Structure formats: C-alpha cells, structure tokens
Amino acid sequence: MKQHVLHWFVGCVVLGAASAALADVIDDHLAQLTEGVGQIAKPGSPGQVCVIGPDAFAVVTGSINNRRAALVAAAPLGRGRVVVFGHNGYLRGNTFKQHDTGRLIANAVRWAGRGEKADVCVTGNRALSDYLAGQGHAVVKPTAGDKPSMPRARVLVVTDHWLNGVQPKAVESWVRRGGGLIVADTGWGWLQLNQGKSLADDHRVNRVLRAAGLAIGPTSVRPWRGDTYAVDGKPHPLVNATHALDAAIKWGDRAEDASKEDRTLAGGSIADALSVLPADDKLLLPRIRQLKAKHPNLAVPTKKAPLKSENVLARVLLAYDMQQIHQTPPARIKAHPSAEAFPGAVPRSAKRGKHTVTITGKQDGWVSTGAYAAPGELVVVKVPKHALNSKLSVRIGCHKDDISRRDQWRRVPRISKTFAITKTSTPTASAFGGLIYIEVPRGRVTQPFEVQITNAVAAPYYVLGETDLGAWRKTIRHHPAPWAELASGKVVVSVPSHHVRDLDRPDELMKFWDQVSDASAELIAQPKDRTRPHRFVADEQISVGYMHSGYPIMTHLDAAASMASVDKLRAGTWGLYHELGHNHQHRDWTFAGTTEVTCNLFSLYVIETLCDTEGPGHGAMKPERRRQRLAQYLKDGAPFDQWKSNPFLALTMYAQLQEQFGWDTYKRVFAEYRALEKSQRPRNDDEKRDQWMVRFSNAAGRNLGPFFQAWGVPTSKAARDSIAHLPVWMPDEMKSLRPQAD
C-alpha cells in the first residue's frame, strides 16, 4: 500500500493544486466506497472502465500490460452519482458472495444514494436484491412491462439489459436530479458480439456514462497478482485521462524527468479514452485538437525516428489521429504522413483501375485480390446482391498487429482496417493504404460470385497453378504496389515488393512452401488440404516477440527475404517453421513448460525431411551444446522448474525419443490424440504428462517411466505402473551423464 500512496503523492506533485484538491475529494469518496473491502472477485475476464472526466476516479484497479487501469470507477453527475463495474458478472448471479464483492456493492449503493439506508431497485437479480435488503436498504421492485421507466428508488442497480429500453438522456436526467446509478458491462465482450460497431458511437451504456466522464473500455484488466483484485491504496491519479493529459502537456514532448511508469500510464490512459470518445466529445478532444494544431508534424513514427515512451505528447497526438481516422467516413479519409515510410508510398503515376476476383467458397478467411489501396484514396468494392447474405467484409492491410502497448513505435500502432459489406457497393479507404482482401466467414459462401474493386493499384501477386510464369516475369512482378503476395492453396506470404522484383521461379518457391505445410500436417496426422491457407506477413514492428504465430503468422521485415527465397527456406529457417509449428500444436499434448518446445518438433521434422542442411537446424541443438546442457541439468538433480524454463533443454528429451523411436512413432501418437473422444482428453497438466508418457510408451513398446523420472518430469505412480510390463528403455546419453551415485 505504501507504494501506491507514494505514486499518488508523486502524481499530485506533477499535476499541481488541481489534483491536490481532487485528492481531498477522492479521499472521502474512496473511504466510503472501499470501507471494509480488501479484495473483490474475478468473474471471467473483467474489462476496463475508462476514467475520463476531471471529477471521475478509479475505485479498483488492475493491470493492462503492467500499467494501472480501472475495472471499477465512479463519478458524481449533477446531484447524482454513478458507479461502473467492468464486467457484467459483478452484478449477476452470486458473485457478490465472493470475497468482499458484496461489501463493495453495498458500499456503492450507500455512496450513490448519499445515505446509510438508501432505497434501491435491482433489475434482474433477486439474490442481490435480498442481499442488499439484508444490509438495511429498502428494495423497490423494477417497473414491469416491455418499456421500463425510471424507478422511484434513489439508487438503480442494473444487472441486465434494462438500459436498452430507456433513452440515455432520460437516464442522465434522472441521475442529474439526484439518482444513483450502478451498472456493469464488459467492453471487449461487447465488441466481439458487435463486429463493426464501436464503443464510442454504438454502445448504449456508454451513451449514458459519457456525461459522468466514464466509459466502458475495450481491453481486459488482469489482477496484479493472484485471481482477485486487491483494494490496496489510492489509485494513481494518471489513471484519469484528463489528469494524464494535464501531465503530458506539462512534460512536453520530452518527459525524461517523469518515471517510465508514469509516462506509460499517462499515454495509455489517454489512448484508452480516445478509443471510446464520440466525435462530439467536449472533455478531451477540444484540448487535443489545439495541441494538434500547435504540433502538426509531431506524430509521425518511423524506423529511424520511433516514438518512445517518453514522447508522451507525440503518442497522444498519434492516438488522436487514429481516433479521428476511425471516425472519418471513407470518402473523407486523407493519407497519413507516416504512410510513406510504412507500409509504403504508391507512385502517383501508378494506374488506378478495376480488379475482379472470384469468390468460390472453397476457402475462407482472407481472400487475396491482387489489388492495393493507395493511402487516402477511395476504393469501391461491388458484390452481387445475393452475396450480402454471406457476411463478408473488406480488409485493407495485412499488418493487423496492434503495437499500442510497445515501449516504442516504429510505425502507427494500428494500420489495417475492415469494412462490413452490407450493400452491393461499399466505399472503403485507408489513411495508410494496403493490400485489399475479401474476408469470407467459414461456410457462408454457397455459390461462386465475382467481386469488382475500382480505383485500386495492381500489386505483384502470384498464385501457384493459376498465374502464367511468362506474365509474372514480364509484367506482374513489376506492378507498382509496395507490397506483394505469393500464394498457393496452403500458404500465402506477404512481403515488400522489392523482394519479388527479381524472383523468376515463384512456382518453385510456393511448391516448397506447400511441402512445408504438408510435412507439418503429416506429422500430426491431419489432412493436408486447407480451407484457409497459412499466412506469413512481414512487418516493420509486431505486437510481441521476434515472430509470433496466428492468422497471420507475423514476422519482422528481415524475415521477408527468407519467406520469398526457396534457397533460404531449404537452408533451414528455424523461426518460420517454429511459428508454423505453433499453429499445429494441440493443448492435449502441450503442458506447462512445453509451449515453446513441442512447436519445435515441426522445425526439426521439416528441416530433417525437406532442407539441405546438416545437423538439427539450430545451434542450440548441436551435439556438444546439447550434451553440456544435459550434463549440468543432471548434475543439478534434474529440477523440473529448470526443465520448464529452458525450451532447448526440454526439446532434448523429445529429440532423444525421436532419435530412438523415429518420427513414425510420433505420428502414431499424434494420430491417437486426434482420435480421442472428449471424455478421454486430459483435463490438466498432471493428466497431460501421464498420457504423453503412457501413449508414447505403448506406441514405442518400451517402458518410459524411468526415462521421465530421470528427466525430472513428474508423472503419477498409477501411470508408471500401467506401463511396467514393457521393457525399460534409457538412452545411452542419459546413462553416461547421470551422476555416479545413481
């Protein structure tokens, strides 16, 4: 708690007398709201509550990427008061019975009602009503009927969708006259269920909350530790976006004197607020517009001049740019100054024309078009009327990673955008430009149709088995778009166009990529054909790691040369095959400590079966380094925690099994897992380790119990007893390196 009080004091010093006055007010409010509350429950994955207005304040905070963020917040509004929880579950069911959650809700009713025994109306949760009645509150039944009216109670606790039936202005007016509103919602969950809509413009609860300077935010908030949220001091004042903006202006563009924690917190709080503010906001946007006019060229991140965490003001202005771009209709979108650096400029002389692509329904996900949207230029996508039932979208840009949480930005954090196709003619535009895709949900296209794209630039685009090699060499690879794609039915790679200008044999490249995909599928005994090809996208900066798996697999730009070269792929590009391995991992045979291990089985398999290289393909798995690592591990007593934290140490165990029993044994074991009934699947790590040992032992015809014990990998006696009838196997490498005492 002392640490949080210190942060509070430092924040008040930074922000001056205004925050000192606020601190006095919050002292009183927080004392009432958190009296007797030490920790509250974690129902599901709670989301954030953005604290925006100058009088709004956080009540309970958690972590968003190691910075403070509110999941419970409150604010006065006129003569009334508002309390917001960042997850529906806090006011539903029996969550109030967990830890001190009920005490916090009862305190919130008392605070919002300005009295010890405020009369309260709870919608949709009889158990919570009974609990509050037991706390001395007079409970008023909600209005019956399809169109609820504001209750006669002093405090309204909304546990369901009751607000959907009331005009936001009516609720605001009721609160301003002295009503107390307690409400909960989960922003990230709402966004998942309402694709294409925004928390700023379409979220009904936020339309009620904005007058109080609060909003349901888009991100989940984790506990700082454990499975509950601790109420352990005064929330840092920079959680409030208004006070964070005050600090950013005070610091200027260079904020070295402020701590890294404060800089990160201030920038994050403002960016979160901008993501939920409507265009007519009067709290922050007018001030930020003035700053933008004063510093028009400050928010342009590039590789040579990245925006770092200390560039708080510049990052705030860039967050503002992104908010404005998000809310601007396509016809009014202008090119962002950073687009020229990344993803790249389109020559003015490049021809803008019409492109046609056929959607067959045989593949889902992103369907490439070979068309590119120039930054700030309107592109129109046309589909036949019957295609509107397929819930299609247009995507501009393959760089989908959001890098907002990184310490520095070498590009704008969010540059790709999607547009729902709800009409036969859909205007689209991107301030950054990008390759154009049609997003096809699985199983939604029942008959082929054509999509017409107008005013787009041609991109280098090769499709194995479809694109004529002569046309590729003569014309297509020289198309002017800055990004290119090379595709088969199993893999698509997206790289800067300069990587393909001299590529004569894209067919050989993509045939090899198909072999890589097939080998990965072969190892886990799954069909080789894909309804959605694996995608690899090179990027200036990605959200996490050097590369990461997913759809698409994301890499930094230096990997593009390998992605577009069959010679480099054959030489063994461990990282690319590692990420493809992640895409093939299954939780049934991946337990704690092996997430970065079992994916490497695919690297080993692809390199051994397809690549022109000697050895295992990674320096860490060379025999001498492997032997040294294993010898030290056994000398230390084979501690499992060490095994779990060292991926190449753990991989050595898997490699020993492969070297003795071959890849075919792995394939049989993986095939067995694929065929399991739900009731047979392991439910926890203990069962995963047991099943892996038992299934591999049976497939190999050897008792691997002592082998697992020698490695320090925990298994149960029952599992070991079940394979005791098999002959014991131990690799010579283990026998020679085990301490003499054994």
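What spacing in nm lies between the two simple spin-label points modelled at Lys117 and Met150, each 7 Å away from Cα in the Cβ direction?
Computed distance between label sites Lys117 and Met150 equals 2.6 nm.
When ranked by the protection proxy of mean other Cβ atoms within 10 Å per residue, highest first, what sequence do the peptides 549-555, 458-464, 524-530, 619-625 form?
With the highest mean Cβ count within 10 Å placed first, the list reads 458-464, 549-555, 524-530, 619-625.
Kindly rank 30-39, 422-431 from highest to lowest mean number of other beta carbons found within 10 Å of each residue.
422-431, 30-39
Size of the dipole of the chain about the Cα centre, Lys and Arg at +1 and Asp and Glu at -1 on the beta carbon, nothing else charged, in debye to 20? Intermediate results must be reported in sequence, preceding the final value.
Working: 96 positive and 72 negative charges, 378 e Å.
Computed charge dipole of the chain: roughly 1820 debye.
Evaluate E = 1/(1 + (r/R0)^6) for His386 and Lys354, where r is the Cβ-Cβ distance and R0 equals 22 Å; express this FRET efficiency to the nearest 0.05. If you can, show how the numbers build up before the last one.
On the way: r = 21 Å, r/R0 = 0.96.
Calculated value: 0.55.
Roughly speaking, to the nearest percent, how much of the stretch 185-294's 1.4 Å accessible area is carbon and sulfur?
That share works out to 49 percent.
Using a 1.4 angstrom probe, figure out how much accessible area the chain has per residue, in square angstrom, rounded to the nearest whole.
Using a 1.4 Å probe on heavy atoms only, each residue of the chain averages 43 Å².
Quick check on the chain: of the DSSP beta bridges with both residues there, what percent are antiparallel, nearest 5%?
Details: 59 of 86 bridges.
Here the antiparallel bridges make up roughly 70 percent for the chain.
P(r) for the stretch 274-409: what percent of alpha-carbon pairs falls in each 10 Å bin, starting at zero?
9, 32, 32, 20, 7, 0
Could you list, bin by bin from short to long, the percent of Cα-Cα pairs of the stretch 246-319 in 10 Å steps?
Whole-percent P(r) values from 0 Å outward: 20, 54, 25, 2.
What is the dipole size for the stretch 587-742, taken about its Cα centre, with +1 at each Lys and Arg Cβ and -1 at each Asp and Glu Cβ, in debye to the nearest 20?
With only Lys, Arg, Asp and Glu charged at Cβ, the dipole is about 260 debye.
Looking at Ala248, His295, Pro235, which one has the Cα that reaches farthest to the positive end of the dipole of the stretch 222-350 (charges on Cβ: Lys, Arg +1; Asp, Glu -1)?
Going by the Cα projections, it comes out as His295.
When ranked by the protection proxy of mean other Cβ atoms within 10 Å per residue, highest first, what sequence do the peptides 120-126, 334-340, 366-372 form?
Result, highest mean first: 366-372, 120-126, 334-340.
Show which lysines lie in cross-link reach of Lys717 when reach means a straight Cα distance below 18 angstrom and same-chain residues fewer than eight apart are skipped.
Partners within reach: Lys688.
Output the pairs from Lys400/Lys644; Lys362/Lys511; Lys362/Lys490 with a Cα-Cα distance over 22 Å in this structure; if there are none, say none.
The answer is Lys400/Lys644.
Just list whichever of Lys97/Lys282; Lys303/Lys334; Lys282/Lys423; Lys282/Lys417; Lys282/Lys334; Lys303/Lys382 have alpha carbons separated by over 30 Å in the model shown.
Over 30 Å apart, Cα to Cα: Lys97/Lys282; Lys282/Lys423; Lys303/Lys382.
With r defined as the distance between the Cβ atoms of His161 and Arg444 and R0 fixed at 30 Å, what FRET efficiency is calculated, to the nearest 0.05?
Between His161 and Arg444 the formula returns 0.60.
What does the convex hull of the Cα atoms come to per residue for the stretch 407-457, in Å³?
Working: hull volume 6.4 nm³, N = 51.
Considering the Cα atoms of the stretch 407-457, their hull volume per residue is 125 Å³.
Averaging over every viewing direction, what projected area does the convex hull of the Cα atoms of the stretch 515-627 cover, in nm²?
Its average projected convex-hull area is 7.8 nm².
Give me the lysines in straight-line cross-link reach of Lys141: C-alpha distance below 19 Å, same-chain residues under 8 apart excluded.
Result set, ordered by chain and number: Lys117.
Ignoring ligands, DNA and RNA, what percent of the accessible area of the stretch 360-487 is carbon or sulfur (1.4 Å)? Present the calculation step by step, with values, prior to reporting the outcome.
Working: 2390 of 5160 Å².
Carbon with sulfur: 46 percent of the solvent-accessible area.
Scaled to the compact-protein estimate 2.2 N^0.38 Å, what is the alpha-carbon radius of gyration of the chain, rounded to two decimal places?
1.08
Can you list the aspartates and glutamates whose alpha carbon is less than 17 Å from that of Lys351, not counting same-chain residues fewer than 8 positions off?
Glu377
Mind running the shape call on the stretch 675-742? Use the C-alpha gyration tensor, a ≥ b ≥ c as the square roots of the eigenvalues: rounded below 1.5 for a/c, prolate if a/b tops b/c, oblate otherwise.
Note, shape of the stretch 675-742 comes out prolate.
Among the GluC sites (Glu not before Pro) in the stretch 414-467, which ones are in a DSSP loop with at most 11 other Cβ atoms within 10 Å of the Cβ? Mind listing them?
Listed in order of number, the matching sites are Glu466.
Looking at Met621, Gly189, Pro552, which one has the Cα that reaches farthest to the positive end of the dipole of the chain (charges on Cβ: Lys, Arg +1; Asp, Glu -1)?
Working it through, the farthest residue towards the positive pole turns out to be Gly189.
Which value in nm describes the separation of the simple spin-label points at Thr454 and Asp468, placed 7 Å from the Cα toward the beta carbon?
Calculated label separation equals 2.7 nm.
How big is the gap, in Å, between the Cα center of the stretch 565-635 and the Cα center of the stretch 299-314?
For the stretch 565-635 versus the stretch 299-314, the Cα centre distance is 36 Å.
Suppose the chain between His326 and Lys303 were pulled fully straight at 0.36 nm per residue; how much longer would it get relative to their current alpha carbon spacing? Working shown, then result.
Values: separation 23, 0.36 × 23 = 8.28 nm, distance 2.37 nm.
So the chain would gain 5.9 nm between His326 and Lys303.
With the dipole of the stretch 417-483 worked out from charges on the C-beta (+1 for Lys and Arg, -1 for Asp and Glu) around the Cα centre, which of Ala456, His478, Phe419 lies farthest toward the positive end?
The one lying farthest along the dipole's positive direction is Phe419.
How large a share of the accessible area of the stretch 540-684, in percent, is made up of carbon and sulfur atoms when the probe is 1.4 Å and the other protein chains stay in place?
That share works out to 46 percent.
Using a 7 Å offset from the Cα along the Cα-to-Cβ direction at both Thr609 and Thr475, what is the distance between the two label points in nm, to one decimal?
4.0 nm
The values are calculated or read from the model by the stated rules, or taken from the named source; none is laboratory data. Keep in mind the model is a prediction, meaning the values are calculated, not measured. Cβ atoms come from the backbone with ideal geometry, glycine included; neighbour counts cover every protein chain shown. Calculation scope for accessible area: heavy atoms of the full protein, side chains included, ligands and nucleic acids excluded. Shrake-Rupley method; radii C 1.70, N 1.55, O 1.52, S 1.80 Å.
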